[in-house]
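Single-structure report; data block below.
The values are calculated or read from the model by the stated rules, or taken from the named source; none is laboratory data. Just so it is clear, the model here is predicted, and its values are computed rather than measured. Every residue, glycine as well, gets a Cβ built from its backbone with ideal geometry; the counts of neighbours run over all protein chains shown. All accessible areas refer to the heavy atoms of the entire protein, side chains included, with ligands and DNA or RNA removed. Shrake-Rupley method; radii C 1.70, N 1.55, O 1.52, S 1.80 Å.
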Amino acid sequence: MGQSLLAALFGDPFAMMNTIGLIAFALVGSSKAIREEFDLLGITIVGLAMAFAGGATRDVLVTRVPLALQSPIEIGLGLLGVGLAIALSVVLTAPDTHPTTLVADAIGLAAFTTTGAIVATEAGVSVFGVVGIATINAVGGGVFADILLDRAPFILFDDFYASCAVLGGSAYVIAAVAGVSGNTAAGICAGVTVVTRLAAVTYDWTLPTIQGLGLVEQ
């Protein structure tokens, strides 16, 4: 039974990235809810929403039952992330902005970009579809969590975030077209996404606005 569980969690690139992404994003979403002083149920709901909303949207787009509804392991991984967020809140004063959470967010973004690209490729969608589904898988949970937190999704106006998923998904497509193996393409996708996200956090990268370009008066 132990071997079958390990195979389900880490048996292939999709399983490994999915495991990492679920735990990381549940941690990040729950940390945001803790900052807003949600109760335990609210913390759990926001954490699980961030972990599962992107993947559920991905699965609907490729016409399959969302994995969260197929396996109790998925929910267990999400709850593990929620528990980690609560534990961090006990020892840290601002867990949502702590480097641990920021790194977890970057890792979750990379993991879900990769799982989205893998699923989209297996579904036989176009190149645009692979990049689009990879991006939706990566940022959909964060968008839904922001809505639950009663604020505009930050990917629409702040930070260099969704762009990292676009770059990662594009790297996956390029690697696949170049004929590299699926495992290598997945590693390239994850690497590009996490490196660009960590660089964006470190160097405060943002996309320009129309006002910032001076095209309209502020």
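I'm checking my understanding of the structure. Among residues of the stretch 136-173 that are under 14 Å from the mean Cα position of the chain (by Cα) and of a type in the set (S, T, N, Q), which one is farthest from GLU37 (Cα to Cα)?
That would be SER163.
Looking at (1) in contact with a helix residue (DSSP H, G or I) (Cβ under 9 Å, 6 or more places away or on another chain); (2) part of a helix (DSSP H, G or I); (3) not basic (Lys, Arg), which is the one condition that is false for VAL90?
For VAL90, the failing item is (1).
Provide a single number: the residues in the stretch 170-216 that are of a type outside the set (S, T, N, Q), loosely packed, with under 15 Cβ neighbours inside 10 Å and assigned to a helix (DSSP H, G or I).
4
Residues of the stretch 57-86 being free of Cβ contacts under 8 Å to residues at least 24 places away in the same chain and hydrophobic (A, V, I, L, M, F, W, C), which ones?
VAL60, VAL65, ALA68, LEU69
Residues of the stretch 1-11 being hydrophobic (A, V, I, L, M, F, W, C), open to solvent by 50 Å² or more (accessible area, probe 1.4 Å) and modelled with pLDDT of 65 or more, which ones?
PHE10
Could you list, in sequence order, all residues of the stretch 87-135 that are closer than 17 Å to LYS32 by Cα, among the hydrophobic types (A, V, I, L, M, F, W, C) and open to solvent by 20 Å² or more (accessible area, probe 1.4 Å)?
Matches in the stretch 87-135: ALA87, LEU88, VAL90, VAL91, LEU92, ALA94, LEU102, VAL103, ILE107.
Of the numbered conditions (1) open to solvent by less than 60 Å² (accessible area, probe 1.4 Å); (2) under 17 Å from ALA145 (Cβ atoms), LEU84 fails exactly one; give the number of that condition.
If we test LEU84 against (1) open to solvent by less than 60 Å² (accessible area, probe 1.4 Å); (2) under 17 Å from ALA145 (Cβ atoms), just (1) comes out false.
When only residues in the stretch 12-66 that are of a type in the set (D, E, K, R) and within 18 Å of ALA111 (Cα to Cα) count, which is modelled with the lowest pLDDT?
ASP12
Taking ARG64, is it more than 23 Å from ARG151 (Cβ to Cβ) and outside any helix (DSSP H, G or I)?
yes
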